[in-house]
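The values are calculated or read from the model by the stated rules, or taken from the named source; none is laboratory data. Just so we're clear, the structure is a prediction, and the values are computed from it rather than from any experiment. Glycine also receives a Cβ, built like all others from the backbone with ideal geometry; neighbour counts cover every protein chain displayed. Heads up: the accessible areas ignore ligands, DNA and RNA and are worked out on the full protein's heavy atoms, side chains in. Shrake-Rupley method; radii C 1.70, N 1.55, O 1.52, S 1.80 Å.
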Amino acid sequence: MPTQRDDSDRIALLQGTLDLLILRVLLFGACHGQGIARAILRQSQEVFFVDHGSLYLALQRLEDADLISAEWGVSENNRRARFYTLTKKGRAQLNEKTTQWKRLAKAMEMVLSPSPEEA
């Protein structure tokens, strides 16, 4: 999945972040691995590039935890692929982790933004 963006512009995903991104993509319906990777890349404006090794390990981990389920199907280019779906437990995990990430992002913004004393 080559892009025009320089690799130095990309941001490494923190541990656990990939799981959250996958769950978020699956909120909108079933998707195969390649589609999930493309959705993350597109929705992050090409900042988050997910290599396939990391993606499929994360999908297996999420499936083992019953956060997603998988079924074989045929992709849009007529190839056999596993399609992943968010489970009820996965939806609850998505809500919980989204709330945590929003709190973290807000705290980071407060620390990184200059205070009136610094200006």
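I'd like to check something: does the stretch 71-78 contain any residue that is in contact with a Phe, Trp or Tyr (Cβ under 6 Å, 6 or more places away or on another chain) and either open to solvent by 40 Å² or more (accessible area, probe 1.4 Å) or part of a strand (DSSP E or B) (or both)? Yes.
Of all residues in the stretch 75-99, those that are farther than 18 Å from Ala39 by Cβ have Cβ atoms under 9 Å from Cβ atoms of residues that are open to solvent by 60 Å² or more (accessible area, probe 1.4 Å) and not in a strand (DSSP E or B), 6 or more apart or on another chain, in Thr87/Asp66; Lys89/Asp66. Among the residues of the stretch 45-64, is there at least one that is assigned to a strand (DSSP E or B), surrounded by 12 or more Cβ atoms within 10 Å (Cβ to Cβ), of a type in the set (A, V, I, L, M) and at pLDDT 95 or above? No, every residue in the stretch 45-64 fails to be assigned to a strand (DSSP E or B), surrounded by 12 or more Cβ atoms within 10 Å (Cβ to Cβ), of a type in the set (A, V, I, L, M) and at pLDDT 95 or above.
Could you please let me know if Ala92 is surrounded by fewer than 16 Cβ atoms within 10 Å (Cβ to Cβ) and more than 12 Å from the chain's Cα centre (by Cα)? Considered against the rule, which asks whether it is surrounded by fewer than 16 Cβ atoms within 10 Å (Cβ to Cβ) and more than 12 Å from the chain's Cα centre (by Cα), Ala92 comes out as yes.
When the stretch 79-101 is filtered for residues that are polar (S, T, N, Q) and part of a helix (DSSP H, G or I), the ones remaining, listed by number, are Gln93, Asn95, Thr98, Thr99, Gln100. Evaluate the stretch 79-89: report whether one residue or more is of a type in the set (A, V, I, L, M), surrounded by 11 or more Cβ atoms within 10 Å (Cβ to Cβ) and closer than 20 Å to Gly16 by Cα. Scanning the stretch 79-89, I find at least one residue that is of a type in the set (A, V, I, L, M), surrounded by 11 or more Cβ atoms within 10 Å (Cβ to Cβ) and closer than 20 Å to Gly16 by Cα, so the answer is yes.
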